[in-house]
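Step one of this worksheet: look at the structure below.
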């Protein structure tokens, strides 16, 4: 009798180690990024926002896999408190600085807290580039993937990249999952897409036990909560795959 156990794997920074956009920038020997090169417009836009809103001159430093914002005057990294400062703004406040209302939501998507520092997220569209597909396998997760009787890859990468993703998996030696390579489509948001995909698979296949491997803790928790609410009889085991730490050289 086929196993009623399903193992679901996120792809980026879970099954594969994925290039961050810091891998594509050019730096000097101190790690300071040359913003006249790759992603120039993105970096210049962020600098202008900090000058206008916070009256602060900044520069960017590559630290490990991350890009950290530095205070140009004090030569120190900005702390993650700025995430809160930006959240406390609103469209009306943004307009008062002479910027468009949409800039607030744009800024909310730009930054995150990594080990207490303010770091940049990849810009919209970054993960639509096939060059950003991971080429290095996360061995500890892949061992589980290979042993699983039923496995699925569930990723936020777009359906338009299916051929490139399938070719990449083949090139690096990962077998296609027998329960589907599920790629994002639509506009409902990646979190909802992942929740709905897992729930639909349980409904269609009657899984009794589901293991989910994911580096995004919020998405992991959202799926777990949805499964426990709709299918309390299903045993759900969440596995948070942690990414590399920010280099303490900052």
Mind checking the angle between helix 40-54 and the chain's longest principal axis? C-alpha axes, 0 to 90 degrees, to the nearest 10.
60
So what is the relative contact order for the stretch 104-176, in percent, with contacts set as C-alpha pairs under 8 Å and at least six apart?
24
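Could you list 171, 5 in order of exposure, starting from the residue whose Cβ has the fewest other Cβ atoms within 10 Å?
Working: 171 10, 5 15.
So the residues, fewest neighbours to most, are 171, 5.
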Contact order normalised by length for the chain, with contacts defined as Cα pairs under 8 Å and 6 or more residues apart; what percent is it?
26
Can you tell me the relative contact order of the stretch 101-247? Whole percent, Cα pairs under 8 Å, sequence separation 6 or more.
18
Taking Cα atoms, how many degrees apart are the long axis of helix 162-172 and the longest axis of the chain, rounded to 10 and kept between 0 and 90?
80
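Going by C-beta contacts inside 10 Å, put 110, 176, 11 in order with the fewest on the left. Show your work: numbers first, answer last.
Numbers: 110 21, 176 11, 11 25.
In order of increasing Cβ crowding within 10 Å: 176, 110, 11.
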Fully extended contour minus Cα-Cα distance, from residue 75 to residue 40, at 0.36 nm per residue
10.5 nm
Ranked packing of 185-191, 13-19, 225-231, most packed first, by mean Cβ within 10 Å:
13-19, 225-231, 185-191
Principal axes of the stretch 127-250: Cα extent on each, largest first, Å:
43, 38, 34
Kirkwood Rh and Cα Rg combined as Rg over Rh, evaluated for the stretch 61-112
1.04
Can you tell me the orientation of helix 217-230 relative to the chain, as the angle in degrees between its alpha-carbon axis and the longest Cα principal axis, to the nearest 10?
40
Note down, for the stretch 99-162, the three equivalent ellipsoid semi-axes (square root of 5 times each alpha carbon gyration tensor eigenvalue), biggest first, whole angstrom.
32, 17, 11
Give the span of the chain's Cα atoms along each principal axis, as three whole-Å numbers ordered largest to smallest.
67, 40, 32
Can you give the Kirkwood hydrodynamic radius for the stretch 20-140, in Å, rounded to one decimal and based on Cα pairs?
15.4
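Taken together, the values in this text are just the output of simple stated rules run on the coordinates, not laboratory data. For clarity, every value in this text was computed on a predicted model and none was experimentally measured. Cβ coordinates were reconstructed from backbone atoms using ideal geometry, including for glycine residues, and neighbour counts include every protein chain displayed.
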